[in-house]
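This report refers to the structure that appears directly beneath it.
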Amino acid sequence: MNSTLHSFANASFAPQGAPVLPAIDIEALREALPIVRRKHVAGHHLYRSGQPFRAIHLVHAGSYKVSDLAEDGREKVSAFKMRGELLGVESIGLGAYACDAVALEDSETWELPYPAVLKAGATLPGLQEQIQAALAAEIRRDRSWMLLLGTLAAEPRVAAFLIDVAARHARLGYSARHFILKMSRLDMASFLALKHETVSRVLGHLADRHYIDVRRREVRLLDVDGLRSMACAEAA
């Protein structure tokens with residue numbers, strides 16, 4: 001079985017069951033370098049593709065989507081980031097940001113100047129390891145999703161997505177079985193490499209089978225085991 005799907009299948013939705021990212025000691029960093037807090041309302045950009053890359057960003061509140069333009073000119077969503085996760089990692093080593101980051105709701109980030117944040121970490125015991133571990137975890141997570149989307153049909157993709165969102169909510173101390181999707185159906189479809197109509201159809205099918213109850217963006221997971229089985233069926 002695909003290792004990413006295996007982790008979804010065995011997630012308990014307790015915080016330890018989610019793909020936990022190493023926590024960065026932000027207070028220690030604030031003592032070592034200036035950190036700017038930036039607030040954004042829904043729809044506003046944190047950064048745009050092509051802007052000079054000078055910092056990575058730690059999501060402090062709310063959520064963001066990361067996207068760029070596909071070859072046909074359409075927006076392609078590549079990630080959704082929640083509290084405690086990093087933005088801008090994909091642009092490390094480049095002179096400019098490689099994509100856009102847009103707030104999905106009223107949100108806030110802490111701007112970590114790069115590479116100054118690494119130099120600051122080197123002067124504080126254990127902090128450099130936290131930063132490097134967090135960067136590596138973000139890269140592994142994004143790569144795992146890329147591999148998963150290349151192997152699953154529409155229904156398993158949507159099921160895996162809902163399980164992942166649930167696990168991330170649990171990690172933050174929120175309900176894993178009842179949550180609000182902050183992204184639109186179009187954004188969700190773009191991330192899952194599906195058509196908008198397909199995502200709506202699959203959600204309706206999952207509701208008809210009593211796996212979920214969905215009312216616009218409000219989702220309740222009714223049969224977690226059924227969702228796990230669906231997400232793993234094609235990778236067994």
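Nothing in this text is a laboratory measurement; each read-out follows from the coordinates by a stated rule. As the structure is a prediction and not an experimental result, all values here were calculated from the model. All Cβ positions, glycine included, derive from the backbone under ideal geometry; neighbour counts span all protein chains shown.
Hey, got the dipole for the chain? About the Cα centre, +1 on K and R Cβ, -1 on D and E Cβ, debye to the nearest 20? Write down the numbers at each step before the final one.
Details: 29 positive and 27 negative charges, 60 e Å.
Using Cβ point charges on Lys, Arg, Asp and Glu, the chain gives about 280 debye.
Build a GNM of the chain with springs between Cα atoms under 10 Å apart, and of LEU94, LEU148, LEU192 the one that fluctuates most is LEU94. Of ALA160, ALA101, ALA116, which has the largest mean-square fluctuation in a 10 Å C-alpha GNM of the chain? Most flexible of the set in this elastic network: ALA116.
Across region 26-123, the relative contact order, built from alpha-carbon pairs under 8 Å that are at least six residues apart, equals 44 percent. Among HIS44, HIS210, HIS57, the largest mean-square fluctuation in a Gaussian network model of the chain, built with springs joining Cα atoms closer than 10 Å, belongs to HIS210. Oblate is the label for region 26-123, because the ratio a/c of its alpha-carbon gyration tensor axes (a ≥ b ≥ c) is 1.5 or higher and a/b is not greater than b/c. In a simple Cβ point-charge model (Lys, Arg +1; Asp, Glu -1; nothing else charged), region 26-123 has a dipole of about 240 debye relative to its Cα centre.
Placing a pseudo-label 7 Å from each Cα along the Cα-to-Cβ vector at THR151 and ARG177 gives an inter-label distance of 2.9 nm.
Neighbour counts of other Cβ atoms within 10 Å put ASP68, ASP225 in the fewest-to-most order ASP225, ASP68. How big is the gap, in Å, between the Cα center of region 99-122 and the Cα center of region 165-236? Cα centroid of region 99-122 versus Cα centroid of region 165-236: 28 Å apart.
For the chain, adding -39500 (n - 2.57) for each run of n ≥ 4 DSSP H residues and dividing by the number of residues yields -12000 deg cm²/dmol at 222 nm.
Answer with one residue from GLY73, HIS60, GLN128: the one whose Cα lies farthest towards the positive end of the charge dipole of the chain, charges on Cβ with Lys, Arg +1 and Asp, Glu -1. Checked the options; the winner is HIS60.
Check the straight Cα-Cα distances from LYS65 and name the lysines below 23 Å, setting aside those fewer than 8 residues away within the same chain. The reachable lysines, counting only those whose Cα sits under 23 Å from LYS65, are LYS39, LYS76, LYS81, LYS182, LYS195. Looking only at GluC sites (Glu not before Pro) in DSSP loops with at most 15 other Cβ atoms within 10 Å, what is the longest site-free stretch of the chain? Here the longest segment lacking exposed loop sites spans 106-236.
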